[in-house]
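The values are calculated or read from the model by the stated rules, or taken from the named source; none is laboratory data. Worth saying up front: this structure is predicted, and the values here are computed from it rather than measured. Here the Cβ positions follow ideal geometry from the backbone for every residue, glycine too, while neighbour counts run over all protein chains shown.
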Amino acid sequence: MAKVKSRGSQRRLLSGLIIIILVLSSFGCKGVNTKINDNTDQSFRTVTDDLGRKVSLKAEPERIVSLAPSNTEILFYLGLGDRVVGDTTYCDYPEEAKLCPKVGGFEDPSLEKIVALKPDLVLATDMHQHLLQGLEDAGLNILVLNPHTLEEIFADIQLVGKAAGVADKADDLTRRLKDRVAAVSQKTARVPENQRPTVYYEMWYQPLISIGRDSLIAQMIELAGGKNITDDCSEPYPQLSEEVIIDKDPEVMFNSYGHDNKVITTDEIAARKGWKEVACVKTDRIYTIDSDLLTLSGPRIVEGLEKMAEFLHPELFKSN
């Protein structure tokens, strides 16, 4: 009987081993590899753009098209210049950006040229929503950036860094930019309210166009230690009359006319009808700042803030 029992135990042991081998074989190398490949095929990562759109990237983007100068600057600042396969005719910073194939202007890029470059990521703005459907129909991934404040610009830099697989570089860049903003605001925060000069920012001169209270430039004027004379305007870009500006009598005037080839001199501004008694004219405090430093929502916006603060409060920034 003992011998029979021993054989029965052997059979049970053998049967158990066979079951274990069959179970393990279902999780063998082939099965494990297949699972890894499936995950890779599903998504490299998913991000949410400024329009609230979920964008899923299957792999780290290697071919990127930028549809705005600000987006192009972000890419180059993050060390992604070698991945930019196309940008607009207005993308001229840094110098390398000029060498990229052009897909058209900022407002009217060519859908056909973009698709022909076979990008795996397109960086657009809210001005390009009319292109979204065509780009999506072509199977392209589009990330829309639409910042309105310094904080949102920094968030977009981190968004691009995450999407492109360089999150650490984006974190480092935004940290350094925030430190520079803090260095400015810490100095200007000590300026009493009655010593903060009133500021008129002229975005355009025919007709006279300024900026409203909710604009990025209005935020910069405040951080730089000034008081925006058009803070009572809810419109983003209000058109003003000569009489309104003369009546508000701004102590400082900033201008930056963008890519217009015409240069407006301080003498021409001072010669405007009725302006000779305006405070900024009488004290010769009319300053021109490169529009790219004030109107492009990229890393160089902080340089624009620094220049503005230095003009408003030179006594605080003499060491710079």
message: Among the residues in the stretch 245-252, are any assigned to a loop (DSSP other than H, G, I, E, B) and over 26 Å from Glu193 (Cβ atoms)?
response: no
query: Could you list, in sequence order, the residues of the stretch 116-159 that are part of a helix (DSSP H, G or I), among the small types (Gly, Ala, Ser) and more than 21 Å from Gly105 (Cβ to Cβ)?
result: Ala155
query: Just one of Thr295, Thr288, Thr266 is surrounded by 16 or more Cβ atoms within 10 Å (Cβ to Cβ), out of contact with any Leu (no Cβ under 7 Å at 6 or more places or on another chain) and closer than 22 Å to Ile153 by Cα; which is it?
result: Thr295
message: Need the failing condition index for Val65 against (1) at pLDDT 95 or above; (2) assigned to a loop (DSSP other than H, G, I, E, B), just the number.
response: (2)
statement: Within the stretch 175-221, residues of a type in the set (Asp, Glu) and surrounded by 17 or more Cβ atoms within 10 Å (Cβ to Cβ) come out as Glu202
Residues of the stretch 181-197 satisfying the condition of being in a helix (DSSP H, G or I) and in contact with a Lys or Arg (Cβ under 7 Å, 6 or more places away or on another chain): none
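Residue-wise test of (1) part of a helix (DSSP H, G or I); (2) in the same structural domain as Phe106 (by TED's automatic domain parsing); (3) touching a Lys or Arg at 6+ places or on another chain (Cβ under 6 Å); (4) on the phi < 0 side of the Ramachandran plot.
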{"residue": "Met220", "(1), (2), (3), (4)": "yes, no, no, yes"}
{"residue": "Asp231", "(1), (2), (3), (4)": "no, no, yes, yes"}
{"residue": "Glu268", "(1), (2), (3), (4)": "yes, no, no, yes"}
{"residue": "Leu293", "(1), (2), (3), (4)": "yes, no, yes, yes"}
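What is the residue count in the stretch 249-269 for residues that are touching a strand residue (DSSP E or B) at 6+ places or on another chain (Cβ under 7 Å) and more than 25 Å from Val184 (Cα to Cα)? So that I can check it myself, show each step before the final result.
So the first thing to find is which residues in the stretch 249-269 are touching a strand residue (DSSP E or B) at 6+ places or on another chain (Cβ under 7 Å), and the list is 250-257, 264, 266, 269.
Now restrict to residues that are more than 25 Å from Val184 (Cα to Cα): 264, 266, 269.
Total meeting the criteria: 3.
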- request: Assess whether Glu243 counts as being outside the structural domain of Ser70 (by TED's automatic domain parsing), touching a residue at least 40 places away in the same chain (Cβ under 8 Å) and not hydroxyl-bearing (Ser, Thr, Tyr).
  value: no
message: As an exercise: evaluate Ser234 against (1) crowded, with 16+ Cβ neighbours inside 10 Å; (2) out of contact with any Ser or Thr (no Cβ under 9 Å at 6 or more places or on another chain) and give the number of the one condition it does not meet.
response: (1)
query: Here are some conditions: (1) in contact with a helix residue (DSSP H, G or I) (Cβ under 8 Å, 6 or more places away or on another chain); (2) without any contact (Cβ under 8 Å) to a residue 40 or more places away in the chain; (3) within 14 Å of Asn71 (Cβ to Cβ). Val85 meets all but one. Which one does it not meet?
result: (1)
task: Consider Ser241 carefully, then state whether it is in contact with a helix residue (DSSP H, G or I) (Cβ under 6 Å, 6 or more places away or on another chain) and small (Gly, Ala, Ser).
output: no
field: the stretch 246-263: number of residues that are within 17 Å of Asn228 (Cβ to Cβ), at pLDDT below 95 and surrounded by fewer than 18 Cβ atoms within 10 Å (Cβ to Cβ)
entry: 0
